[in-house]
Amino acid sequence: MNLIAKPSKENIKTYLPIGVVLVTLSFLDVFVNAFFDYNLLGFLPNQISYFSPLILGFIGFYLIRIEFSGVRSLDILNKNINSNNFNAFLTLLTVFIIIKSIPPLLNWFVLDANFLGNSKDDCTGDGACWVFIKVWFNRFMYGLYPDAEQWRINTAFLILFVIVGISFFVSSRLKKYFILFLVFIYPFLGIELISGGSFGLKYVETAAWGGLSLTFIISAFAILFCFPIGVFLALGRRSSLPAIRYVSIGFIELWRGVPLITVLFMSAVMFPMFLPDGTFIDKLIRVLIAITLFEAAYMAEVVRGGLQALPKGQYEAARSLGMGYWKMNLLIILPQALKLVIPGIANTLLALVKDTPLIFVVGLMELAGMIGLAKTNPKWLGMAMEGYVFAGLVFWVICYAMSRYSQNLEKKLSTER
Amino acid sequence: MGKIIELKKVNKWFDKFQVLKDIDLEVASQEKIVICGPSGSGKSTLIRCINRLEEHQEGNIIVDGTELAENTKNIEKIRAEVGMVFQQFNLFPHLSILDNCTLAPIWVKKLPKKEAEEVAMRNLTRVQIDDQALKFPGQLSGGQQQRAAIARALCMEPKIMLFDEPTSALDPEMIKEVLDVMVDLAKGGMTMIVVTHEMGFAKEVADYMIFMDEGKIVERAKTKEFFENPKSERTKLFLSQIL
């Protein structure tokens, strides 16, 4: 049976070079095929030529799978991507798919794409028409906010970034005041600046707000409010007082059980019918309240998970030191429980940010909504792809930044050793 | 010496199961009492009733002149005066040892931070882990953690200390360092109620021994008499098994 000896340390001198050549050949074949549209092994019959890289690579990987070869890099390679036939197969498939998908993506995004010009007619290539994004960029960022007043949004966000930036460098004693300012004063200051109506600023109605700035405004307010409400609901659901417990359970289950789109629709269309005549609550505020309460219900369950994960001894130790309910929860229980559920909190908040496009049902248009509007413009028909790819990228950047921040926070707060 | 703890006809049930049956107990100030007995005999429940981590359903518990009842403020006041040490240490893992010790004095007793830290360092020195003050509980050995937990309780300057099997979760070689701290505390005149199986410790410091079984106090006697001449058959059997 031993027609071919099993690859081992004895025959490494013959097998390793042959294996490496075969694997290289298989990658080269796919690469040349993908980038230059030329089939290296085209002389072979059709079916075999199609699978040839897979077969060559597979044999190559088999030959170099030498246990305890003594070559460090080879051992690492074998352990991680070539530990058995099945893994070798998966490795090959993954690499091939990656190589194969680069050229079309590159073509669409860059090589065949158009960047210059002012109208759809300037887009002559087969690739993406980034002119669309360029021309509409202002609208995607600010919605229908008047051009002359856009500096106000810029200023509001600039102030935010500067304050956050400074707060990273000040001492921890000053930091407390920065955070208090950011949480309790800045949001209202920023809204005042953007909505105007006082200090000689022109009033801009919220229906004109939109684009990415609206995404940020809604996300920021909803995050700011849903977090404390969620924590209270979580505590309420575990309260020993039946009234508080049942109210919390009812609230959570009601809001969790309804789709967000329904909640938004009701907040915008049905809610005003119940208000007495003459009272008016701005649509944006109603939507904000709806999103906040909706996400608070989710947040409550995430936090409750953390509360339940804490050993009973922590509660008893806190109480045995004479702490009352609030001191126990604020000083002992919540700091630990929240730290435990940072991944879950990040999850909920990411979902919140990505839920904001749903406000289109009430006629508010943030980034995705503005793109939806722009793509139906008669002069720019057929630009949906560019628009939504752009929206996807922007959302991904925001969400990835949040995710990284949550990971850092986890590391920073870890006191396990 | 005046009575500092008084239990009168205390009864307690978990659902239908009666864990404490007609417990009568008086503890004078500065007395040291060791409670022993088989597991499930209600000894932990008894001392947890004294600072109301468990609620009793019948009878009266009077601690330092205050009756333990529904009134929350009373309970918090009692708890601040009664230190408790747990089998599982129950240090706060998110805080350093020093912060563990200063948290309650600052927030419950409203001590200024600096003063609280001085008190904490004094107590940490007393239990000989002042060099670990800035570490987190997870970085300490079991014995060190338990000593930190004792220091944390002492920082509230309690009149009474309750110990709920303080050495049961420790490796054998760490038991002694914790018992040494407790002996030192006993000699300093603290009122102590200790649930433990460490009979060597009991012989050394206890004024009275209490033997519990099936929710009842079976025997209460001076330490010497308890070990040399136990009256009840149940006590004799228990002692013959653990000594």
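Would you say residue A:225 is open to solvent by 70 Å² or more (accessible area, probe 1.4 Å) and at pLDDT 90 or above? Show your work before the answer.
Values: open to solvent by 70 Å² or more (accessible area, probe 1.4 Å): yes; at pLDDT 90 or above: yes.
Taking the combined requirement at face value, the residue satisfies it.
How many of the residues in the stretch A:61-85 are at positive phi and open to solvent by less than 50 Å² (accessible area, probe 1.4 Å)? Please lay out each step first, then the result.
At the first step, the residues of the stretch A:61-85 found to be at positive phi are A:68, A:70.
So of that shortlist, the ones also open to solvent by less than 50 Å² (accessible area, probe 1.4 Å) come out as none.
Summing the residues that are at positive phi and open to solvent by less than 50 Å² (accessible area, probe 1.4 Å) in the stretch A:61-85 gives 0.
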Note on residue A:276: of the conditions (1) more than 15 Å from residue A:362 (Cβ to Cβ); (2) assigned to a helix (DSSP H, G or I), unmet is (2)
Open item on the list: Please verify whether residue B:139 is within 9 Å of chain A (Cβ to nearest Cβ), of a type in the set (S, T, N, Q) and open to solvent by 50 Å² or more (accessible area, probe 1.4 Å), treating the condition exactly as stated.
Closed with: yes
Of the residues in the stretch B:181-203, those that are within 10 Å of residue B:34 (Cα to Cα), assigned to a loop (DSSP other than H, G, I, E, B) and open to solvent by 30 Å² or more (accessible area, probe 1.4 Å) number 2
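Taking the options B:162, B:185, B:179, B:154, name whichever one is farther than 24 Å from residue B:131 by Cβ and at pLDDT 90 or above. Outline the logic, then answer.
Working: B:185 fails: farther than 24 Å from residue B:131 by Cβ; B:179 fails: farther than 24 Å from residue B:131 by Cβ; B:154 fails: farther than 24 Å from residue B:131 by Cβ.
From the options B:162, B:185, B:179, B:154, the qualifying one is B:162.
Conditions tested, residue by residue: (1) under 21 Å from residue B:145 (Cβ atoms); (2) in contact (Cβ under 8 Å) with a residue 24 or more places away in the chain; (3) within 12 Å of another protein chain (Cβ to nearest Cβ); (4) open to solvent by 10 Å² or more (accessible area, probe 1.4 Å).
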{"position": "A:312", "(1), (2), (3), (4)": "yes, no, yes, yes"}
{"position": "A:332", "(1), (2), (3), (4)": "yes, no, yes, no"}
{"position": "A:347", "(1), (2), (3), (4)": "no, yes, no, yes"}
{"position": "A:360", "(1), (2), (3), (4)": "no, no, no, yes"}
{"position": "A:380", "(1), (2), (3), (4)": "no, yes, no, yes"}
{"position": "A:385", "(1), (2), (3), (4)": "no, yes, no, yes"}
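Conditions tested, residue by residue: (1) part of a helix (DSSP H, G or I); (2) surrounded by 14 or more Cβ atoms within 10 Å (Cβ to Cβ).
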{"position": "A:169", "(1), (2)": "no, no"}
{"position": "A:176", "(1), (2)": "yes, no"}
{"position": "A:179", "(1), (2)": "yes, no"}
{"position": "A:185", "(1), (2)": "yes, no"}
{"position": "A:188", "(1), (2)": "yes, no"}
{"position": "A:192", "(1), (2)": "yes, yes"}
The condition of being over 40 Å from the mean Cα position of the chain (by Cα) and within 14 Å of residue A:21 (Cα to Cα) holds, among A:63, A:44, A:56, A:40, only for A:63
Reported set for the stretch A:362-378 where residues are open to solvent by less than 30 Å² (accessible area, probe 1.4 Å), of a type in the set (A, V, I, L, M) and in a helix (DSSP H, G or I) is A:362, A:367, A:368, A:370, A:371, A:374
Scanning the stretch A:232-241 residue by residue, the ones that are outside any loop (DSSP other than H, G, I, E, B) and either open to solvent by 70 Å² or more (accessible area, probe 1.4 Å) or among the small types (Gly, Ala, Ser) (or both) total 3
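Just checking, which of B:206, B:221, B:153, B:149 is out of contact with any His (no Cβ under 9 Å at 6 or more places or on another chain), surrounded by fewer than 21 Cβ atoms within 10 Å (Cβ to Cβ) and at negative phi? Don't jump to the end; show me each part of the working.
Values: B:206 fails: surrounded by fewer than 21 Cβ atoms within 10 Å (Cβ to Cβ); B:153 fails: surrounded by fewer than 21 Cβ atoms within 10 Å (Cβ to Cβ); B:149 fails: surrounded by fewer than 21 Cβ atoms within 10 Å (Cβ to Cβ).
Going through B:206, B:221, B:153, B:149 in turn, just one is out of contact with any His (no Cβ under 9 Å at 6 or more places or on another chain), surrounded by fewer than 21 Cβ atoms within 10 Å (Cβ to Cβ) and at negative phi: B:221.
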Filtering the stretch B:103-131 down to residues that are open to solvent by 10 Å² or more (accessible area, probe 1.4 Å), within 29 Å of residue A:340 (Cα to Cα), within 14 Å of chain A (Cβ to nearest Cβ) and assigned to a helix (DSSP H, G or I) yields B:103, B:106, B:107, B:113
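Which members of the stretch B:74-99 meet the condition of being in a helix (DSSP H, G or I) and either within 9 Å of chain A (Cβ to nearest Cβ) or touching a residue at least 60 places away in the same chain (Cβ under 8 Å) (or both)? Working first, answer last.
Applying the first criterion (in a helix (DSSP H, G or I)) to the stretch B:74-99 yields B:74-81, B:97-99.
B:75, B:76, B:77, B:78, B:79, B:80, B:81 - these are the residues of the stretch B:74-99 that are in a helix (DSSP H, G or I) and either within 9 Å of chain A (Cβ to nearest Cβ) or touching a residue at least 60 places away in the same chain (Cβ under 8 Å) (or both).
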**Prompt:** Is there a residue being open to solvent by 60 Å² or more (accessible area, probe 1.4 Å), more than 32 Å from the chain's Cα centre (by Cα) and free of Cβ contacts under 8 Å to residues at least 12 places away in the same chain anywhere in the stretch A:86-96?
**Reply:** yes
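Based on what the data block shows, is residue A:235 without any contact (Cβ under 8 Å) to a residue 40 or more places away in the chain, over 26 Å from the mean Cα position of the chain (by Cα) and more than 30 Å from residue A:153 (Cα to Cα)?
Numbers: without any contact (Cβ under 8 Å) to a residue 40 or more places away in the chain: no; over 26 Å from the mean Cα position of the chain (by Cα): yes; more than 30 Å from residue A:153 (Cα to Cα): yes.
Considered against the rule, which asks whether it is without any contact (Cβ under 8 Å) to a residue 40 or more places away in the chain, over 26 Å from the mean Cα position of the chain (by Cα) and more than 30 Å from residue A:153 (Cα to Cα), residue A:235 comes out as no.
Matching residues to (1) more than 7 Å from chain B (Cβ to nearest Cβ); (2) open to solvent by 10 Å² or more (accessible area, probe 1.4 Å):
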site: A:315; (1), (2): yes, yes
site: A:319; (1), (2): no, yes
site: A:323; (1), (2): no, no
site: A:335; (1), (2): no, yes
site: A:338; (1), (2): yes, yes
site: A:341; (1), (2): yes, yes
site: A:344; (1), (2): yes, yes
Exercise. Using the structure shown, decide if residue B:55 is in contact (Cβ under 8 Å) with a residue 60 or more places away in the chain and either among the hydroxyl-bearing types (Ser, Thr, Tyr) or within 14 Å of another protein chain (Cβ to nearest Cβ) (or both).
Key: no
Selection over the stretch A:286-305 where residues are surrounded by fewer than 21 Cβ atoms within 10 Å (Cβ to Cβ) and of a type in the set (Gly, Ala, Ser) yields a count of 1
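The values are calculated or read from the model by the stated rules, or taken from the named source; none is laboratory data. Note that the structure is a prediction, hence the values are computed from the model and not measured. Because the Cβ atoms are built from the backbone with ideal geometry, glycine has one as well, and the counts that use them run over all protein chains shown. Remember, those area values only see protein heavy atoms, side chains included, never the ligands or the DNA or RNA. Shrake-Rupley method; radii C 1.70, N 1.55, O 1.52, S 1.80 Å.
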